[in-house]
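The values are calculated or read from the model by the stated rules, or taken from the named source; none is laboratory data. Since the structure is predicted, the reported quantities are computational estimates derived from the model, not experimental observations. In this analysis, Cβ positions are derived from the backbone assuming ideal geometry, glycine residues included, and neighbour counts consider all displayed protein chains. Each accessible area value is taken on the protein alone, full model and side chains, heavy atoms only, with ligands, DNA and RNA left out. Shrake-Rupley method; radii C 1.70, N 1.55, O 1.52, S 1.80 Å.
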Amino acid sequence: MVLAQKEIMALRKKLFESSNFNGKIMYTFSRYFSSNKMDLRKLKPMIQKRIQERAKDYPVPGMIPVAQEVLNSRRLLMQGVSTLLKVLPVMACKFCPEVYIGKKGHVIQTCCGFKRRGKNRVHEWITGGLNDVLAPVEAFHLKHMFQDVIKHHQRFDFERVPAVVELCWQAGANDGNQYSNWSPESDCCSVDGAESLSPDELVMIASGTLKAWEVLRNGVEKLLMVYPAKVCKHCSEVHVGPSGHKARLCGIFKYESWQGTHFWRKANVDDLVPPKIVWRRRPQDPQVLLNEGRGFYGHAPAVVELCTQAGAIAPSKYHCLMKLQGVATL
């Protein structure tokens with residue numbers, strides 16, 4: 001009986017020691033990993049100092065030639081597309097962003113229309129222009145990359161410029177962001193007498209335009225690896241900088257409790273240079289693309305389709321999307 005009591009006492013002692021040890025661990029853990037609120041007034045000078053030190057690393061000298069090449073390619077692309085539009089017809093839907101490269105639009109029922117208009121209807125075509133082929137994407141022009149976040153009441157104090165141009169300026173192109181050198185009219189330039197160009201000259205312009213398109217997208221992709229850019233999850237708003245602005249311009253949540261606040265994510269090359277995918281007619285397809293054969297027809301970016309119709313050769317990476325060897329409709 002006495003032996004049993006001694007064993008019970010020894011067991012209680014071990015349990016007490018283990019619980020005391022665990023209590024010390026929990027006290028140490030709560031001491032060093034507590035969830036007490038930090039004093040932001042003490043952290044603010046440290047955060048500002050880190051931002052100022054980070055700003056010294058930009059612009060990156062090795063990316064300045066890439067940014068300058070992107071600006072030059074963008075200028076050549078705008079000039080080439082403007083020239084080809086004077087020779088080749090482009091149709092745009094009156095009620096949605098759909099574009100078709102050809103004299104007559106297709107009859108594929110993919111028109112999304114307005115809110116009160118029926119969905120999946122035939123498009124109503126009008127003559128398209130430069131902005132239908134190259135979708136404009138604008139962003140706020142910043143004085144420097146790490147400036148204060150733009151508030152909602154400051155949205156009219158900053159100019160809106162093309163997002164690609166803003167990205168290149170922040171990357172150090174154009175001799176220190178010479179903003180006064182750019183104007184919207186400078187983008188809409190074309191070759192004089194485009195209607196009288198010979199077929200060989202037209203092919204040369206189309207090939208140069210297609211090359212400028214590829215150089216532009218590759219250059220923007222390289223710049224986005226070094227320079228931050230944001231895009232809203234719910235709309236096409238783009239902001240070039242480490243954090244998005246606070247201008248409440250998002251139409252998705254305009255009448256909800258969010259009051260038009262954007263929800264930002266990391267941007268990619270398609271957000272700054274939209275490919276604008278269009279239907280394309282192959283030689284084995286009918287003259288007008290029908291809704292019944294929509295599963296057989298190919299697609300291509302609008303710039304690529306425009307250049308290939310002018311005689312340029314599309315890069316091999318687009319062949320799968322274009323369905324060059326696909327079967328014809330039944």
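Only one entry of ALA139, ALA135 meets the criterion of being touching a Pro at 6+ places or on another chain (Cβ under 9 Å), part of a strand (DSSP E or B) and surrounded by 13 or more Cβ atoms within 10 Å (Cβ to Cβ), and that entry is ALA139. Hey, among the residues in segment 133-162 that are touching an Asp or Glu at 6+ places or on another chain (Cβ under 7 Å) and under 30 Å from LYS49 (Cβ atoms), which one's modelled with the highest pLDDT? Looking at residues that are touching an Asp or Glu at 6+ places or on another chain (Cβ under 7 Å) and under 30 Å from LYS49 (Cβ atoms), I get ALA139. Taking GLU195 as the residue in question, decide whether it is modelled with pLDDT under 90, part of a helix (DSSP H, G or I) and under 21 Å from GLN309 (Cβ atoms). So GLU195 fits the description; yes.
Out of ASN218, ASN174, one residue alone is polar (S, T, N, Q), modelled with pLDDT under 95 and in a helix (DSSP H, G or I). It is ASN174. Within segment 226-246, does at least one residue satisfy the condition of being open to solvent by less than 40 Å² (accessible area, probe 1.4 Å), among the small types (Gly, Ala, Ser), at pLDDT 90 or above and part of a helix (DSSP H, G or I)? The answer is no; no qualifying residue exists. For segment 153-163, a residue qualifies if it is outside any loop (DSSP other than H, G, I, E, B) and closer than 11 Å to HIS141 by Cα, and the qualifying residues are ARG160, VAL161, PRO162, ALA163. Scanning segment 213-222 for residues that are of a type in the set (A, V, I, L, M) and surrounded by 24 or more Cβ atoms within 10 Å (Cβ to Cβ) turns up LEU216, VAL220.
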